[in-house]
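The values are calculated or read from the model by the stated rules, or taken from the named source; none is laboratory data. Please read these numbers as outputs of a predicted model, since none were measured by experiment. Glycine also receives a Cβ, built like all others from the backbone with ideal geometry; neighbour counts cover every protein chain displayed.
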Amino acid sequence: MDFIFYILIPKKIFVYIISQIWTFLEGHLWTFLKDYLKNFFFQSFGYIISYKSKIDSLHNELDKIRNIRDNIWSNAEAAEIRTGSQVKREVLRWKANVDRFVKEAEETIKEEEEYQRRRRSNYSHVNVWSTYQLGKRAEKAITRARQLKNMQPDFDNLTDDLLPVRFVKVQNPDTVGMDNVIKKLERCVKDDTVSIIGIHGMGGVGKTALLRRLNNHLQSIEDIDIIIFIELSTKDSNSMVEELQNSLGSRLKLTWQQDMTERDKEAEIRHVLSNTKFVLLLDNLWEPFRFQQVGIPTATESQPNFNSKIIFTTRMKDVCSRMGAENTIQVKCLKENDAWNLFRRKAWVDRFNPNAEVVDQARVLAKKCGGLPVALITLAQVMGHKKHFREWMYAVSIMNDARLLHSDMAKYVFEPLKLSYDCLPEDNNLRECAVYLSLSKEKHKFGNKDLRNYLISEVEFEHLSQAEDGTVYRIGQLTEASLVERADDNEFFEIHPMARAMTLWVKRNCGEEEDKWLVRYGDERVDAPPVDKWRVAEVISLGEKVDAHPEAPDCPLLSFLNLSLNRIPDDFFRRMPILKFLKLQHYQIRRFPPGIDNLLQLQYLDLSGTSIESLPLELRALTKLKCLVLASMTNLTHIPDEVISNLQQLWCLDMYNSYSGWRVQPIEEEGVRFEELERLPRLKVLGITVGTIAAIERLRQSARLAASTQCLQVKGCPGMTEFDLLSVNFRKMHNLLQVILHKMNELRAVRLGGEAAAAAAESPAPYKLEYLHLSRLPRAEIICRTSMRLEGLRSLRIEDCGTIERLIKLEGEVGNDCETIILFPNLKVIVLGQLPRLRSLAPSDRRKLAFPSLETIEVEACLNLRKLELVAPKLKAVKCKLSWWQQLEWNSIADANANYHLLIRSPN
């Protein structure tokens, strides 16, 4: 190998190369070592000699970087609170680096202070190594501080708008009289077991105000990541999903690609919300939708510890259940005092109108709003500048007629309420039902029977059950739509005054054609509309204080007429060719005028409560009549032959507490033949008064009439000594709802399930009886078997029965003398009047009656009744004279009724 090398490179050349390399290394290596050693010793001695000045410089830099950090962070927090945005991640990282530097710098300074303390305490010399380390660390910290200052964020760009805004404040509205509702809602928000909350109520009642106030309140709850308030603008469920996704995407700062599908958006929304504790507030929900379709996670499909909330408002109560609301809250109209305070404050009544007469009219006007906040506020703003008494009187008269007082009422009250009306289905007469209810006096209470009778004249039902169920369904739908309100513990219902005014406004072509629907009700007596308005009217409904009706009005378009007249001119009905609905309600009417046979299209005729003594023969011309109401016509004594039987389309005939002179036997000379009733092929609803035993027998033997009987009054009945309501003789009356036994001087026993019923091979039919009224039965007492119960009875009224000493007399099973007996499990009202010998409500001294559903007892002229031995856990009111109440033996009810809250009402 060496031989080859020497051959390739001559020796002199090799020596020369080596020498040059050595010379190069010798010069540069020494320079390198010299410079390195020089820098090393210079820097090291510099750390040692000048460490104190470096520590001082570090103090200054530390103060500067702290101030910069604090200023930037305070500005960032202010921007976050002001705009709801979040601090940028770069700012958070810079602050974290500064915090870390400050901590390290403070440790260096603290070590230097400790080093100086040790020197002073030990009188020691300088520790070269310590000063070297401290100076070196201080130098590095100063350099780092300067770097961080150069990297500080821009003060105008501290927050990131691309991150979701946690909270957006909305206008905080006035929520008068809603404190209890707000507290209930706040409890629901804090309840971890509730995730979906539904708020329902009629339009303008304050649901949006409530939700807005809640939105602003939730800002203070720190553990909520994001609060989202969305006010929906569409009613269509399909469009609603798109609107919700777009609103949520914007609120969550999600960027949609142009070709993204609904499912893609749903996935992104779900991804964000599933990892977030959110509160979603949805206002103005009309139709239910599926949360999954939008991308909103719920407790049913996520982890058990799901604690987000979904809260929505709707006018439709059923939307709450269909959306799976675990808790529902109804926002009701304001109570009278709250409504008056709101109206008075908004109208400045006390400041601008100190006149007592004006204040009185203002109170009346406020009541017309029915406690609806939007109506109160709007009307107050309209009337606030009115100072004259007559201006307020005029406003009251306009509101009585449900006419448009001001365009603001249409814009802010009627148009929003009209949305509820428009959402009613068109195929089941719901809108017509709302219109019919609007034609009566404000705050008029309706029973199910009132609406059913109207529907019978408008809808073709095949069976009674269809009419009954259809009525209940429609009332429920109107209630769900917040147009109708239940009253008197669900026994009756009424249309809200503003819903009534809105409905009439709609039928008047949104106020453009006031004369088409003439509706006049009020407390002041006024003249009837002039003749020319009758000529164009389609509907007329006038109260009892409307005078001077035209003698023979020309009404070619009139289809609905509701009047309260004390005198009807002879030619009054001559020119009403298409009239379908006629209601005459004044009790002073004693004679039905001629001309009724002109109303050939009439389908509904109501004469109830009038003093008419005889029906006209012309009535038989009304062959299209479906509903004839002659109830409570106590003066009616004559009906011509062949009048009733000629009404072949009659579906409902109500003669309850009215005519009773039915002729059963051929030998009888007076009265309408009973067979005329049997010749009505379509009759499904019958209210009847009978006065003889033969008529009762004929009625119960007729299968079709017995099944149609809903209301039965037995009056007089000479020779009847016992009436057994639950006996097998009455099995066919399985639709019986009301019974009155009146002026039966020979009756000794009213049996509710006597020996005959108990011994019968077949048990009595399941009676629906709801109302039982016993009056002027001087010898009768009530006898029950303990095994027989009237499950449906809701009201029991006993008056002027002179021999009754105990409310109920028991027979049959003896049982335990100390037992409590339930005979009427659903009875809600007991009325006792003019019972001079009544001394106890218990069947014996050791037995008590229990009324699980009883809410009210009314007592009048029962002077010997000193004890109330009963068990009634739901009792709310005892209506009586105060003198009677004070003479009660309190100990008699203390044991049985220890938990009762009694409301005493004295008519004195």
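Among the residues of segment 831-881, write down those that are in a strand (DSSP E or B), farther than 25 Å from R785 by Cβ and not hydroxyl-bearing (S, T, Y). Full working, then the answer.
Filtering segment 831-881 down to residues in a strand (DSSP E or B) leaves 831-833, 840, 844, 847-850, 856-860, 870-871, 877-879.
Subset that is farther than 25 Å from R785 by Cβ: 833, 856, 858-860, 877-879.
Of everything in segment 831-881, those that are in a strand (DSSP E or B), farther than 25 Å from R785 by Cβ and not hydroxyl-bearing (S, T, Y) turn out to be G833, E858, V859, E860, A877, V878, K879.
Out of all the residues in segment 202-217, is one or more surrounded by fewer than 21 Cβ atoms within 10 Å (Cβ to Cβ) and farther than 25 Å from G371 by Cα? Scanning segment 202-217, I find at least one residue that is surrounded by fewer than 21 Cβ atoms within 10 Å (Cβ to Cβ) and farther than 25 Å from G371 by Cα, so the answer is yes. The requirement of being in contact with a strand residue (DSSP E or B) (Cβ under 6 Å, 6 or more places away or on another chain) and small (G, A, S) is not satisfied by S233. Only one of the numbered conditions (1) of a type in the set (A, V, I, L, M, F, W, C); (2) without any contact (Cβ under 8 Å) to a residue 60 or more places away in the chain; (3) under 30 Å from V205 (Cα atoms) is violated by M260, and that is (3).
Among residues that are touching a residue at least 40 places away in the same chain (Cβ under 8 Å), out of contact with any Gly (no Cβ under 7 Å at 6 or more places or on another chain) and part of a loop (DSSP other than H, G, I, E, B), N646 is not included.
Taken as a whole, the structure places A631 among residues that are part of a loop (DSSP other than H, G, I, E, B) and either out of contact with any Pro (no Cβ under 9 Å at 6 or more places or on another chain) or buried (at least 16 other Cβ atoms within 10 Å of the Cβ) (or both). Give the residues of segment 439-472 that are in contact (Cβ under 8 Å) with a residue 12 or more places away in the chain and within 30 Å of V364 (Cα to Cα), sorted by residue number. Across segment 439-472, the qualifying residues are L439, S440, K441, E442, K443, H444, K445, F446, G447, N448, L451.
Scanning segment 569-624 for residues that are closer than 21 Å to R535 by Cα, buried (at least 17 other Cβ atoms within 10 Å of the Cβ) and among the β-branched types (V, I, T) yields one hit, I596. In segment 360-375, of all residues being under 14 Å from A501 (Cβ atoms) and of a type in the set (A, V, I, L, M, F, W, C), the one that is surrounded by the fewest Cβ atoms within 10 Å (Cβ to Cβ) corresponds to V374.
The set of residues from segment 804-832 being modelled with pLDDT of 90 or more, touching a strand residue (DSSP E or B) at 6+ places or on another chain (Cβ under 6 Å) and surrounded by fewer than 16 Cβ atoms within 10 Å (Cβ to Cβ) is empty.
Specify which of the listed residues (L699, L680) is surrounded by 22 or more Cβ atoms within 10 Å (Cβ to Cβ), without any contact (Cβ under 8 Å) to a residue 60 or more places away in the chain and either in contact with a strand residue (DSSP E or B) (Cβ under 9 Å, 6 or more places away or on another chain) or farther than 24 Å from S457 by Cα (or both). Spell out how you get there, then give the answer.
Working: L680 fails: surrounded by 22 or more Cβ atoms within 10 Å (Cβ to Cβ).
The unique qualifying residue is L699.
Looking only at helices (runs of 4 or more DSSP H) that fall completely inside segment 350-424, which ones have 3 or more residues that are touching a residue at least 60 places away in the same chain (Cβ under 8 Å)?
Values: elements: 356-368, 373-383, 389-400, 415-422.
In segment 350-424, the matching helices (runs of 4 or more DSSP H) lie at 373-383, 389-400, 415-422.
Selection of first residues in segment 705-720 that are over 15 Å from L741 (Cα atoms) and of second residues that are hydrophobic (A, V, I, L, M, F, W, C) and assigned to a strand (DSSP E or B), restricted to Cβ pairs under 7 Å at least 6 apart or on distinct chains, gives the following pairs, ordered by first then second residue: L705/L686; S708/V685; S708/L686; T709/L686; T709/I688.
Contact annotation: residue pairs with Cβ atoms under 6 Å, 6 or more positions apart or on different chains, pairing a residue in segment 577-588 that is closer than 22 Å to L557 by Cα and in contact (Cβ under 8 Å) with a residue 40 or more places away in the chain with a partner that is of a type in the set (S, T, Y) and in a strand (DSSP E or B), are F581/Y604. Scoring T314 on the criteria (1) touching a strand residue (DSSP E or B) at 6+ places or on another chain (Cβ under 6 Å); (2) surrounded by fewer than 21 Cβ atoms within 10 Å (Cβ to Cβ); (3) under 25 Å from G371 (Cβ atoms) leaves a single failure, condition (2).
Select from segment 702-717 the residues that are among the polar types (S, T, N, Q) and surrounded by 20 or more Cβ atoms within 10 Å (Cβ to Cβ) and list them in ascending order. So that I can check it myself, show each step before the final result.
First pass over segment 702-717, keeping only residues among the polar types (S, T, N, Q): 702, 708-710, 713.
Scanning segment 702-717 gives S708, T709, Q710, Q713.
Within the option set S482, S465, being outside the structural domain of A366 (by TED's automatic domain parsing), hydroxyl-bearing (S, T, Y) and part of a loop (DSSP other than H, G, I, E, B) holds for one residue only, S482. For segment 649-677, the set of residues classified as of a type in the set (G, A, S) and touching a residue at least 60 places away in the same chain (Cβ under 8 Å) is empty.
Residue by residue, here is whether (1) more than 27 Å from T479 (Cβ to Cβ); (2) among the aliphatic types (A, V, I, L, M); (3) not in a strand (DSSP E or B) holds:
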{"site": "E494", "(1), (2), (3)": "no, no, no"}
{"site": "M502", "(1), (2), (3)": "no, yes, yes"}
{"site": "G511", "(1), (2), (3)": "no, no, yes"}
{"site": "G522", "(1), (2), (3)": "yes, no, yes"}
{"site": "K533", "(1), (2), (3)": "yes, no, yes"}
{"site": "I540", "(1), (2), (3)": "yes, yes, no"}
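Restricted to helices (runs of 4 or more DSSP H) entirely inside segment 172-289, those with at least 3 residues that are within 25 Å of S482 (Cβ to Cβ) and within 27 Å of the chain's Cα centre (by Cα) are 179-190, 207-217, 237-251. Residues in segment 508-534 that are under 18 Å from K441 (Cα atoms), surrounded by fewer than 19 Cβ atoms within 10 Å (Cβ to Cβ) and under 30 Å from the mean Cα position of the chain (by Cα): G522 only.
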